[in-house]
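The values are calculated or read from the model by the stated rules, or taken from the named source; none is laboratory data. It should be emphasised that the depicted structure is a prediction, and the values quoted were computed from it without experimental measurement. A quick note on method: Cβ atoms are made from the backbone with ideal geometry, for glycine too, and the neighbour counts reach across all protein chains shown. What goes into the accessible areas is simple: the full protein's heavy atoms, side chains included, and nothing from ligands, DNA or RNA. Shrake-Rupley method; radii C 1.70, N 1.55, O 1.52, S 1.80 Å.
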Amino acid sequence: MHSGTALKTEVLRAADVEDAFVALHVKLHSTVAGLREQFNNNNGELRKAPVSPLLVEFQRGLERLLSDTMYIKDQRVALAELRAADASVERLISPYKVWEASHRSYKLSTDSGILLEVAKTGASLKTRLSQMKKAFEAKTRSHAKRLKTLRILVSASATKSSKDALQREEKYFSKLSQRRPKQFAKISSAVDAIGNKDPELLFGFVRAVHDATVSKDLHAMAMQ
């Protein structure tokens, strides 16, 4: 092959890679936007649902991937990462799309593809829960030290600023201590439901991801 022709072919291949990268980036970004939209609709009802921790973890995974692939120098490597993520989404929603196309003429079952993707997201969620608990324990220890220092200051010199600081610290940590255990319990419940292959949670997860892929993303539309 003539060297000029070979160079032209290589340029075309690079252009094809870039086009595929952009197309998949927009597609996955649209899915993320679709999930955000669902969380914000109906007065945030989805945020209260048992499946919400799993969906949030899935969304964060996509967001992290979209961000990371923007900084990968080798665009072929970045494209491979995007294709893997797109394949994961398709494994989740393909059975649902077929079921919808049949006008829901049969009972939707969770196949091995769905179980695989849910298990992956569930493992990531379990890791995040462990990290959150460790961070909360560290914050608890830090709070205890700060509280002890503030109480010493107040007992030594009960100025308005020191008393206000003590009150703020107690109020802040009181709210955090009430909120975090509830959050941990909700995430733990979702992790347990995944382990038990809870059909209601699995269906809710698949449906939400499917709906996210068909939601209109104005940002993605503007880029096209």
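If I go through segment 9-57 residue by residue, how many of them are open to solvent by 90 Å² or more (accessible area, probe 1.4 Å), over 24 Å from residue 84 (Cβ atoms) and of a type in the set (Asp, Glu)?
The qualifying residues number 1.
Just a yes or no: is a residue in segment 90-97 within 30 Å of residue 14 (Cβ to Cβ) and either of a type in the set (D, E, K, R) or open to solvent by 90 Å² or more (accessible area, probe 1.4 Å) (or both)?
yes
Select from segment 105-130 the residues that are charged (D, E, K, R) and open to solvent by 50 Å² or more (accessible area, probe 1.4 Å) and list them in ascending order.
Applying the first criterion (charged (D, E, K, R)) to segment 105-130 yields 107, 111, 117, 120, 126, 128.
Matches in segment 105-130: 107, 111, 120, 126, 128.
If I ask for residues that are over 16 Å from residue 197 (Cα atoms) and assigned to a helix (DSSP H, G or I), which ones from segment 93-116 would you list?
93, 94, 95, 96, 97, 98, 99, 100, 101, listed by residue number.
Would you call residue 86 under 16 Å from the mean Cα position of the chain (by Cα) and either charged (D, E, K, R) or modelled with pLDDT under 95 (or both)?
Numbers: under 16 Å from the mean Cα position of the chain (by Cα): yes; either charged (D, E, K, R) or modelled with pLDDT under 95 (or both): yes.
Judged against the criteria, residue 86 is a match.
Go through segment 23-47 and give me each residue that's over 15 Å from residue 214 (Cβ atoms) and touching a residue at least 24 places away in the same chain (Cβ under 8 Å). Even if it seems obvious, please write down each step before you answer.
If we filter segment 23-47 for residues that are over 15 Å from residue 214 (Cβ atoms), which is where we start, we get 23-25, 39-40, 42-47.
24, 25, 46 - these are the residues of segment 23-47 that are over 15 Å from residue 214 (Cβ atoms) and touching a residue at least 24 places away in the same chain (Cβ under 8 Å).
Go through segment 145-171 and count every residue that is among the aliphatic types (A, V, I, L, M), assigned to a helix (DSSP H, G or I) and loosely packed, with under 11 Cβ neighbours inside 10 Å.
1
Looking only at residues that are of a type outside the set (D, E, K, R) and under 30 Å from residue 152 (Cα atoms) in segment 172-204, which one is surrounded by the most Cβ atoms within 10 Å (Cβ to Cβ)?
Keep residues of segment 172-204 that are of a type outside the set (D, E, K, R), which gives 172-174, 176-178, 181, 183-185, 187-191, 193-196, 199, 201-204.
After this cut, where a residue has to be under 30 Å from residue 152 (Cα atoms) as well, the list is 172-174, 176-178, 181.
Details: 172: 11, 173: 17, 174: 10, 176: 14, 177: 13, 178: 9, 181: 11.
This residue is 173.
Test of understanding: among 187, 194, which residue is under 27 Å from residue 35 (Cα atoms) and in contact with a Ser or Thr (Cβ under 9 Å, 6 or more places away or on another chain)?
Only one candidate passes the filter, namely 194.
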